[in-house]
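The structure appears below as C-alpha cells.
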Amino acid sequence: MPKKSYRQAINEAIRQEMRRDPNVIVLGEDVAGGQGSSGGPGKVGSVFGVLAGLYDEFGADRVLDTPITESAIIGTAGGAAMTGLRPIAEIMFADFVGVCFDQIYNQAAKFRYMFGGRAKTPLVIRTTIGAGFRAGAQHSQTLHPLFTMVPGLKVVMPANAYDAKGLMIEAIRDDDPVVFLESKLLYDSDGEVPDEPYRVPFGEANVLREGKDVTVIGTGFMVARAAQVAAELAKSGIQCEVIDPRTTSPFDEDTLIESVQKTGRLVVVDESPPRCGLAADISSIVAEKAFKALKAPIRKVTCPHTPVPFAPNLEDEYMPNPRRIEAAIREVLAA
Amino acid sequence: MPKKSYRQAINEAIRQEMRRDPNVIVLGEDVAGGQGSSGGPGKVGSVFGVLAGLYDEFGADRVLDTPITESAIIGTAGGAAMTGLRPIAEIMFADFVGVCFDQIYNQAAKFRYMFGGRAKTPLVIRTTIGAGFRAGAQHSQTLHPLFTMVPGLKVVMPANAYDAKGLMIEAIRDDDPVVFLESKLLYDSDGEVPDEPYRVPFGEANVLREGKDVTVIGTGFMVARAAQVAAELAKSGIQCEVIDPRTTSPFDEDTLIESVQKTGRLVVVDESPPRCGLAADISSIVAEKAFKALKAPIRKVTCPHTPVPFAPNLEDEYMPNPRRIEAAIREVLAA
Amino acid sequence: MADGASQALQMSRDELRRAYRRMKTIRMFEERVEKEFAAGNIPGFAHVYIGQEASGVGVCHDLTDEDYIGSTHRGHGHCIAKGCDVKGMMLEIMGKAGGLCHGKGGSMHIADLSKGMLGANAIVGGSPPIAVGAALTAKMRKNGRVSVAFSGDGASNQGTTFEAMNMAVVLKVPAIFVFENNGYGEHTAASYAVGAPSIAERARSFGLMADCVDGSDFFAVVDGMRRALDRARSEGLPYALETTCTRHLGHFVGDPQPYRTPDELAAARAVDPIKNFRARVTDVKLLDLAELDGIDAEIAAEIEDAAQAALAAPFPDLSTLETDVYSRY
Amino acid sequence: MADGASQALQMSRDELRRAYRRMKTIRMFEERVEKEFAAGNIPGFAHVYIGQEASGVGVCHDLTDEDYIGSTHRGHGHCIAKGCDVKGMMLEIMGKAGGLCHGKGGSMHIADLSKGMLGANAIVGGSPPIAVGAALTAKMRKNGRVSVAFSGDGASNQGTTFEAMNMAVVLKVPAIFVFENNGYGEHTAASYAVGAPSIAERARSFGLMADCVDGSDFFAVVDGMRRALDRARSEGLPYALETTCTRHLGHFVGDPQPYRTPDELAAARAVDPIKNFRARVTDVKLLDLAELDGIDAEIAAEIEDAAQAALAAPFPDLSTLETDVYSRY
Ligand SMILES: Cc1ncc(C[n+]2csc(CCOP(=O)(O)OP(=O)(O)O)c2C)c(N)n1
Ligand SMILES: Cc1ncc(C[n+]2csc(CCOP(=O)(O)OP(=O)(O)O)c2C)c(N)n1
Ligand SMILES: [Mg+2]
Ligand SMILES: [Mg+2]
C-alpha cells in the first residue's frame, strides 16, 4: 500500500469527497490563502498545509477564505449545513473554540434535538490539538473533553494516517455535526493509506496490541506513546493490551470493557487536564460497568491541572510522557 | 439565626463586601436595569433579583449595566481585575458561556500562569445553572464540568443559603478568578443566615448526614435531592453519608475518600450530561485513590446524553430525580 | 418613505388581506399566549411580539417558503409571518408532543424548515451567523433565495452579529439583517446600550447597504424590504434594515416594567401597527371594516381552536427523551 | 497631517532620541529574533514587528508606565515601545527561567504589569475587552490613565473587538483602540477580509471619534495619538486610531509568502519608518547621522548582550511546572 502522511491522508479524503459530492465545501481562515494579495489565492491551503491544492482544483466557490471571526465561520457552516450543504469548517487551533463555542455547542449540536428531529446538520469542524508544539498556553490545548461532553456532537481523534483518511470520509458523510481533532504532532507521521476512498466507522475501537496483563487506552497522539511503552514493556514480559477508541463520542465501551474483563487492570493515558477530562470519563465507565473484573486501582495519566507552559522542558513534562505512562502501568501491576 | 433566602444571602454578601471594599464593583446585563428608560435605573437588580437595591446604594459607578455582549463583560471584568478592581461580573445564564468562553478560560484563568505569577485576577463570575425551569435547551444547562476542567479557575456551587453567603464573601476576597454557580431552583429556598459577614472556605466539603452504608455525593441543587432520598432510606435502615463538596475546584478529595473508606460504596449525583462530567471526575478519583475500599461499582446518576428538553415531563425525567437516585443507591447496596 | 408607501398601496386586495391576517394572527396568538401563561398552561417564560407585527409581516411579505429566516427569543411573530402553523406553534409552546418540535423546543426554539424558518434562538446574536450560512447555500445553488436574520436592538451589539455582517459582505451572500429596534433589550434602553447614534448607520459602515424604516408601518417595511430584496436577489449582496418599533408590553410575559413610566407605556402602545394598517387600507377603501372584522373573527376561531387543541394534547412520551439527539449514533 | 508633523517636530532632542532608540531597538531585536529562530534557539513560532515600528513607538510615545496597553501575537514591538526590558523579553522568547514570565509565557504571552503592559495575546481579538477593563479601572480611580488596545486589521473583524468598542462608548471609559493595518491577516489581504471600506470609519460609526494616520510616520502617529489622548485623558472617552503600515516580512518567521509578489514585497519594504525618521530628523538638523549611528551601536550591544544572556540562561526548574496557576488553591 502507498505510504502517506497523516496530513496527506486528510487532504486526500477531503479531495475525494469534494469530487464525489458538490455539496461539500471548505471554509476557514487561509484555507485557500492569499485572497486579495498580489500573488493571488490558493497558495497556502491552510496554515498546516492540510488543504494544499484544493483551491486550485475546486475554486473560490468551494474553498472559502474567511475573516478571522470564528463564530461567524461556525455559524455560517452550521446554517449552510442545515440548508443542504456539507461544510467542512476549519478552526485553526482548538484553543480558539472559546470565541465560537456557542455556535458549536448551543447551535449546531442542538439543532436536531431542539427542533424535534426535523433538522439535519452535516457539518465537520476540523481543528488541531496538542501540546509539544512550543506554542504556549493559547495554542496547545487538547480539548476533546469539551466536545465529548456535548450531546449532539460526535468527536473524532485519528491516531494515524490510515484512520485519518477513513474517519474523515466517514465524518463528511455523516449527517450530524462532527468535531474532527487533528494532532499537530502527527501531521508528518506516515502510514499505509489506500488510494481509493474508504470509511472507518465511528464508535469502533482499534486494538493495537493484545495483552493479558493490563489494558492501556489512549487517544490521538497518546496512542503512539502508549504503544511505544507497551512495546518496551513487552521485552520484560509485561503484556499490555493497547486500545485506541478512535472516536470519543460515540465511545466504544464494549471493546474496553471486554479488555478490562480480561486484564483486570486499566491505565488511561489522556492529554488534557485531569479534571473532568476523558481519562476520568473512561475510568468512571469501567468503575461502573466492569468493577467486578478490576484487580487494581484505575490509573489516569494526564496533564497536570495547569495551563500549557511555554518552556520546552516544562512542556515535555506537562504532557503524558513514556516515563509517566510506564510508572502508572507498573503501579497497577504491583497493586 | 435569621432566616433568609439563597437569593437574599447572595445579595447580602455582595452588599457587605461592597461596603467594605470600594474596589468591588458589579457589572452585567440589567444588574441595575432601566438605564436610559423613562423610569430610570436601579429598578431591576438583575433578572433574578439577586442584586436588588445595590444600584440605589452604590450608584452607577459601581453597579454597571452593560450591553448584551458577554465577551466584553468578562473581558472588561478581567482587565479591571488585573489592574486593581475586584469585579463581580454576571452572566445571566451559564448557557451563555459559549459567547464568552475565551475571555474566561484563555484569558482570565490563564493570566497568572502565562505571566509567570506576576498577575493577580480577583474576579468573580456569577451565573445561574440548572434545569427544571422550563426554559429549554439554551437556558437550562448545568455547566460546572466546563469550568472545573479549566486550570486557573475556582468553581463554587452553593447548595444552601448559608453557604451561598459565606462562599460569596470568600469568592470576592479571593485573588483568583472564581466561577460562582447559582442554582436557579434554590433562589427561593430559605436557610439560617447570620447578619454579619462570614466566610465559608473553598475546598472543604459539607457532610450533611453521616452514614456507614453508602456515600452519596452531589452538588448544587442535587444536594437537597440526595439528602431527601437519604432521609427517606434512613426509615428503612439504610444509612447514607451525604456529602456536598461546596466547591468543585478546589475539590475536597480527603473528605470523600475518608467516607468511601468507611462505606465502601459510592453514588455520585450530578446534574450535567454523563460524558466528561463531574460525576465521572469524582468517580475516577475514588477508583484511583480509594479502590481498595470499594465493595461495589461506582454508580453515577446524571442527566442523559441529550440537550435539555422543553416539555416539563421530559425535563423532569432528564434531571436526576429521587427515583433514579434511590435506584442507584439500592443497586450499589445489592452489589 | 412616502414613495414606498404609495407603491405598497398598489398591492392587491388579496395581498392586503394576507398581510392583515398575519398581523392580526400574531396579535391574537400572543394575547392568547399571555392568557394561557397567566393560567399556568405555558411552562417557562415567553416573549411576545405585540406591537411589532408590521415588522415581521412586512419583512416576510415578499418572501416565499423557499427563503430563509433566522429568528430570536421573541420569535412567534416571525414564525407566523413566515407561515408556520399556529396550532403546531401553540402545541410547541405548551410542550406538547404534536408541537412543531415535538415539545422539545418550546417558545424560544420553534423551527419549521419546511417553511424556511431556521429557528427561534434563545441566544442573543445566535441567528445572524446561521442566516449567513443559509444565504451561502442559496448562493452556491444559484436559486435566488435570500436569508433574513432577525435581531433586536440589543442583539445588534453582540459580537456574533457584527461578525455575521462582515462575513456576508466578504462572502457576498444574499443575507438581509433586520434589526427590530423596539427601544429595549430586556430592561435597558437601546439609547443606553447601543453606543452608536444609529444601528442602520453602524451596519452601513460594514460595507453593506442599510436603511431604517418605521417598523410600525407595514407598507414602509415592505418598501424597505423590496430595496433589500432587490439587492439580495438580483445582485446576491447583503443588506441591513432597521425597523423601529415599540414594545407594547414587558420583556417577558409578566414583566412588571417598573423602569417604564405609565406615560411612556401609553405612548408606546399608541403606536399600533394594526390600527395603522386598518386606518390606511380603509381610508383608501381597499378593504372595508366589515371585511377586516370578518377576518378577525376567523382568526379568533383559529386561535381558539389551536389553544384548545394544545390544552388537550398529550405531553411527549417519555421514551422520546433520548431520541433525535443524532441522526445515528 | 502636516500640522501634526510640524508640531511633533517641535519635540525635544531627548524625546527624539528616545523615540529613535525605541524604534531601532525593535528593529534590531526582531532581526535577532529571526536569526536565533533560524538557529533553532527559539521554540515554537514568532511574529516580528519589522516595518511597523513607528506605529507602536508613536502610540506609546506620550504614555507613561502608569498607562495600560494590551497587545497581540505580534507584540514584541509594543513591549519595547512601552519600556519592557529587552533582556527579560529575549529570555522569555527563548523560554528561560529569568524571562519576564519565567519562561511560562513565550513570545505570544509577554506581559509586564509594572510597565502597564497587560500582555501580548495569542487570541486574535483577545485584548480589546481586557483593555476596556483597564480603562474602567482608570475611570474608577479618576487617575487620568488611559488604556490602549492594539489590534491588527485582521483582529478588527473579530466580534470581541466590536463588542469592546461599544462597551467603551457605553461605559464612557478612556480606551484607545489602535488598529495597525499592515494589509494582511496572516496570508489574507485586509482588502478581502475587511468588508468595510475603512477600519477607522467603521469604528467611528460605533460612536467614538476615529482617525487614520500613516503608521510608518512616527510623527503622524504621535500626532494622532495626541488627539486620542486629549479625548481620553481630559474627557474620559474612547477613541479609535487606525495606523497604516506595511509588513516587511512574513506573517511568522519563516513564512515563505508565496502569496506576495516580489514587487509587492519590495514596495512594502520601501516604506520604512526608521529610514523615514532618520531622514526627517536629519533634514531639519535636530539629530545628526553620527548621533543616530552612535545610538545604533549602543542598541546593537544591548541586543547582543540580551541574546547572549538568553542563550546562556537556564530553562525553568521543573518544580515550577505546577506553580502560579493560582494565588492560593
Ligand atoms: C447571549 C445572551 N445574552 C443574554 C440573553 C438574555 N436575553 C434574552 S432576550 C434579551 C434582550 C434582547 O434584546 P433585543 O435584542 O433588543 O430583543 P427584544 O427582546 O427587544 O426583542 C436578553 C438580554 C440571552 N438570551 N443570550
Ligand atoms: C481567535 C484566533 N483566530 C485565529 C488565530 C490565528 N492567527 C494568529 S495571528 C492571525 C492574523 C492576525 O491578523 P492581524 O490582526 O491583521 O495582525 P497581524 O498579524 O497583521 O499583526 C491569525 C489568523 C488566532 N491566534 N486567534
Ligand atoms: Mg429590543
Ligand atoms: Mg494585519
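The values are calculated or read from the model by the stated rules, or taken from the named source; none is laboratory data. Remember, it's a predicted structure, so these values are computed and weren't measured experimentally. In this analysis, Cβ positions are derived from the backbone assuming ideal geometry, glycine residues included, and neighbour counts consider all displayed protein chains.
Of the strands (runs of 3 or more DSSP E) lying entirely inside segment A:116-200, those carrying at least 2 residues that are buried (at least 23 other Cβ atoms within 10 Å of the Cβ) and away from chain D (no Cβ under 14 Å) are A:124-129, A:154-156, A:178-183. The set of residues from segment B:55-82 being of a type outside the set (A, V, I, L, M), surrounded by 24 or more Cβ atoms within 10 Å (Cβ to Cβ) and touching a helix residue (DSSP H, G or I) at 6+ places or on another chain (Cβ under 9 Å) comprises B:D65, B:T66, B:P67, B:T69, B:E70, B:S71, B:G75, B:T76, B:G78, B:G79.
Go through D:E92, D:E15, D:E66 for me and flag whichever is assigned to a helix (DSSP H, G or I), out of contact with any helix residue (DSSP H, G or I) (no Cβ under 8 Å at 6 or more places or on another chain) and touching a residue at least 12 places away in the same chain (Cβ under 8 Å).
D:E15
Which one is farthest from the other protein chains (Cβ to nearest Cβ), of the residues in segment D:114-132 that are out of contact with any Leu (no Cβ under 8 Å at 6 or more places or on another chain) and of a type outside the set (A, V, I, L, M)?
D:K115
Here's the yes/no breakdown for (1) crowded, with 21+ Cβ neighbours inside 10 Å; (2) within 30 Å of D:P197 (Cα to Cα); (3) away from chain B (no Cβ under 14 Å):
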site	(1), (2), (3)
C:I199	yes, yes, no
C:V213	yes, yes, yes
C:V221	yes, yes, yes
C:G224	yes, yes, yes
C:E235	no, yes, yes
C:A240	yes, yes, yes
C:T244	yes, yes, yes
C:G250	no, no, no
C:E264	no, no, no
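Residues in segment D:159-176 that are closer than 20 Å to C:R204 by Cβ, more than 16 Å from ligand 1 (Cβ to nearest atom) and crowded, with 24+ Cβ neighbours inside 10 Å: D:T161, D:M165. Only a single item in (1) crowded, with 24+ Cβ neighbours inside 10 Å; (2) near ligand 1 (Cβ under 9 Å from one of its atoms); (3) under 22 Å from C:I50 (Cβ atoms) is not met by C:G126, and it is number (3).
Determine, yes or no, whether D:L100 is in contact (Cβ under 8 Å) with a residue 12 or more places away in the chain, closer than 22 Å to D:D305 by Cβ, away from ligand 2 (no atom under 13 Å from the Cβ) and among the hydrophobic types (A, V, I, L, M, F, W, C). When the stated conditions are applied, D:L100 passes them.
Just for segment A:247-294: of the residues that are of a type in the set (S, T, N, Q) and in contact (Cβ under 8 Å) with a residue 24 or more places away in the chain, which one is surrounded by the most Cβ atoms within 10 Å (Cβ to Cβ)?
Among them, the one singled out is A:T247.
Suppose the filter is more than 15 Å from ligand 4 (Cβ to nearest atom), at pLDDT 95 or above and aromatic (F, W, Y); does D:F45 pass it? For D:F45, the condition - more than 15 Å from ligand 4 (Cβ to nearest atom), at pLDDT 95 or above and aromatic (F, W, Y) - is not met. Figure legend. Inter-residue proximity from segment C:181-209: first residues in contact (Cβ under 8 Å) with a residue 40 or more places away in the chain, second residues outside any loop (DSSP other than H, G, I, E, B) and within 16 Å of ligand 4 (Cβ to nearest atom), beta-carbon distance below 7 Å, spacing 6+ or different chains. Indicated pairs: C:F206/C:N166; C:F206/D:R202. Residues in segment A:311-320 that are more than 11 Å from every other protein chain (Cβ to nearest Cβ) and surrounded by fewer than 17 Cβ atoms within 10 Å (Cβ to Cβ): 0 in all.
Got at least one residue in segment A:60-73 being under 26 Å from C:G105 (Cα atoms) and small (G, A, S)? For segment A:60-73, residues under 26 Å from C:G105 (Cα atoms) and small (G, A, S): present. Filtered by the rule that a residue be in a loop (DSSP other than H, G, I, E, B), in contact (Cβ under 8 Å) with a residue 40 or more places away in the chain and more than 9 Å from chain C (Cβ to nearest Cβ), segment B:31-56 gives B:V31, B:S46, B:F48, B:G49, B:V50, B:L51, B:A52, B:G53.
Quick check on C:F150: is it of a type in the set (F, W, Y), at pLDDT 95 or above, within 18 Å of D:N166 (Cβ to Cβ) and within 15 Å of ligand 1 (Cβ to nearest atom)? No, not satisfied. Just one of the numbered conditions (1) farther than 28 Å from A:E70 by Cα; (2) within 16 Å of ligand 3 (Cβ to nearest atom); (3) out of contact with any Phe, Trp or Tyr (no Cβ under 6 Å at 6 or more places or on another chain) is not true of C:S127: (1).
Of all residues in segment D:267-292, those that are more than 16 Å from D:K24 (Cα to Cα) and surrounded by fewer than 18 Cβ atoms within 10 Å (Cβ to Cβ) have Cβ atoms under 8 Å from Cβ atoms of residues that are among the β-branched types (V, I, T) and modelled with pLDDT of 95 or more, 6 or more apart or on another chain, in D:A267/D:T246. Checked against (1) within 9 Å of chain A (Cβ to nearest Cβ); (2) in contact (Cβ under 8 Å) with a residue 40 or more places away in the chain; (3) of a type in the set (A, V, I, L, M); (4) more than 16 Å from ligand 3 (Cβ to nearest atom), C:L171 passes all but a single condition, namely (2).
Would it be correct to say that C:S71 is within 14 Å of chain B (Cβ to nearest Cβ), hydroxyl-bearing (S, T, Y) and either buried (at least 24 other Cβ atoms within 10 Å of the Cβ) or within 16 Å of ligand 2 (Cβ to nearest atom) (or both)? It is true that C:S71 is within 14 Å of chain B (Cβ to nearest Cβ), hydroxyl-bearing (S, T, Y) and either buried (at least 24 other Cβ atoms within 10 Å of the Cβ) or within 16 Å of ligand 2 (Cβ to nearest atom) (or both). Restricting attention to segment B:85-107, the residues that are more than 16 Å from ligand 2 (Cβ to nearest atom) and among the aromatic types (F, W, Y) total 2.
Residue check: B:G203 meets all listed conditions (1) surrounded by fewer than 23 Cβ atoms within 10 Å (Cβ to Cβ); (2) part of a helix (DSSP H, G or I) but one, namely (2).
Kindly provide the set of residues from segment C:230-259 that are farther than 25 Å from C:F218 by Cβ and within 15 Å of ligand 3 (Cβ to nearest atom), ordered by number. C:F252, C:D255, C:Q257, C:Y259, listed by residue number. Of the listed requirements (1) without any contact (Cβ under 8 Å) to a residue 60 or more places away in the chain; (2) surrounded by fewer than 24 Cβ atoms within 10 Å (Cβ to Cβ), C:L229 misses just one: (1). Quick check, is A:R209 surrounded by fewer than 24 Cβ atoms within 10 Å (Cβ to Cβ), farther than 29 Å from A:R173 by Cα and at pLDDT 95 or above? It is true that A:R209 is surrounded by fewer than 24 Cβ atoms within 10 Å (Cβ to Cβ), farther than 29 Å from A:R173 by Cα and at pLDDT 95 or above. Taking the numbered list (1) more than 19 Å from the chain's Cα centre (by Cα); (2) more than 10 Å from ligand 2 (Cβ to nearest atom); (3) in a loop (DSSP other than H, G, I, E, B) in turn, A:A77 passes all entries but (3). For segment C:141-154, the criterion of being facing chain A (nearest Cβ under 8 Å), more than 16 Å from ligand 4 (Cβ to nearest atom) and in a helix (DSSP H, G or I) is met by at least one residue. Just one of (1) in contact (Cβ under 8 Å) with a residue 24 or more places away in the chain; (2) in contact with a strand residue (DSSP E or B) (Cβ under 8 Å, 6 or more places away or on another chain) fails for C:A111. It is (1).
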